[in-house]
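Below is one structure, written out as structure tokens, with a few remarks after it.
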Amino acid sequence: MARAVLLHENDNEREYQLSNGRVIKIRIDDDSEIVYLENGEVIGNYEDFVFIEDEFDSSKYLLARMYVPITGQGLGRATIEFFSDYYDATIWARSNDGIVREDGSHLTEDAPGFVTKMIEEGLIIDNELDNSYDDYE
């Protein structure tokens, strides 16, 4: 899996060089919105990568949507790392159970493989092994 290389960071922004040479800035805006910028211009959409704060534990977040404007370059992994560091958060994702959910947290397209890889790397917890997430629907 490709990894983006961290070039610079400040409070709510990190700038990465992708393996294809492009330089992308990830910014965490108000309300935990993830914004991707290239050459100062927003790329992608504001609701493409979404984390939902746990209603009972503000240190836990559900990874509800995980689309990035540039795939296969480590940008998704960098986003999860940054968000986790920024909020000192534990991140979890739903199982690939085929249930379509209103909050968008069901896994589609490349998401099941991505989530599996992030669990293997320890960036996302495996909700299959943590019964505290069984009641979230």
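The values are calculated or read from the model by the stated rules, or taken from the named source; none is laboratory data. Only a predicted model underlies this, so the values are computations on that prediction, with no experimental measurement involved. With ideal geometry, Cβ positions are generated from the backbone for all residues, glycine too; neighbour counts draw on all protein chains shown.
Among residues of region 8-37 that are touching a residue at least 24 places away in the same chain (Cβ under 8 Å) and of a type in the set (Phe, Trp, Tyr), those with a Cβ under 9 angstrom from a residue that is in a strand (DSSP E or B) and buried (at least 18 other Cβ atoms within 10 Å of the Cβ), sequence gap 6+ or separate chain, pair up as Tyr16/Ile24; Tyr16/Lys25; Tyr16/Ile26; Tyr36/Ile24; Tyr36/Lys25; Tyr36/Ile26; Tyr36/Phe49. Within region 57-77, if we keep just the residues that are at pLDDT below 90 and closer than 17 Å to Asp88 by Cβ, the residue that is surrounded by the most Cβ atoms within 10 Å (Cβ to Cβ) turns out to be Leu63.
Considering region 12-34, and only residues there that are more than 16 Å from Asp85 (Cα to Cα) and among the hydrophobic types (A, V, I, L, M, F, W, C), the residue that is surrounded by the fewest Cβ atoms within 10 Å (Cβ to Cβ) turns out to be Val23. Here is the figure for region 76-92: residues that are in a helix (DSSP H, G or I) and of a type in the set (Val, Ile, Thr) total 2.
How many of the residues in region 1-11 are over 15 Å from the mean Cα position of the chain (by Cα) and either surrounded by 12 or more Cβ atoms within 10 Å (Cβ to Cβ) or of a type in the set (S, T, N, Q) (or both)? Here the count works out to 7. If you go through region 38-61 and pick out every residue that is among the aliphatic types (A, V, I, L, M) and free of Cβ contacts under 8 Å to residues at least 12 places away in the same chain, you end up with 1.
Does Asp11 count as of a type in the set (Asp, Glu) and in contact with a helix residue (DSSP H, G or I) (Cβ under 9 Å, 6 or more places away or on another chain)? So Asp11 fits the description; yes. Considering each residue of region 62-72 in turn, at least one proves to be in contact with a Gly (Cβ under 6 Å, 6 or more places away or on another chain), among the small types (Gly, Ala, Ser), in contact (Cβ under 8 Å) with a residue 24 or more places away in the chain and within 23 Å of Thr116 (Cα to Cα).
Here Tyr46 meets the list (1) part of a loop (DSSP other than H, G, I, E, B); (2) over 15 Å from the mean Cα position of the chain (by Cα); (3) at negative phi; (4) not β-branched (Val, Ile, Thr) almost entirely, failing just condition (2).
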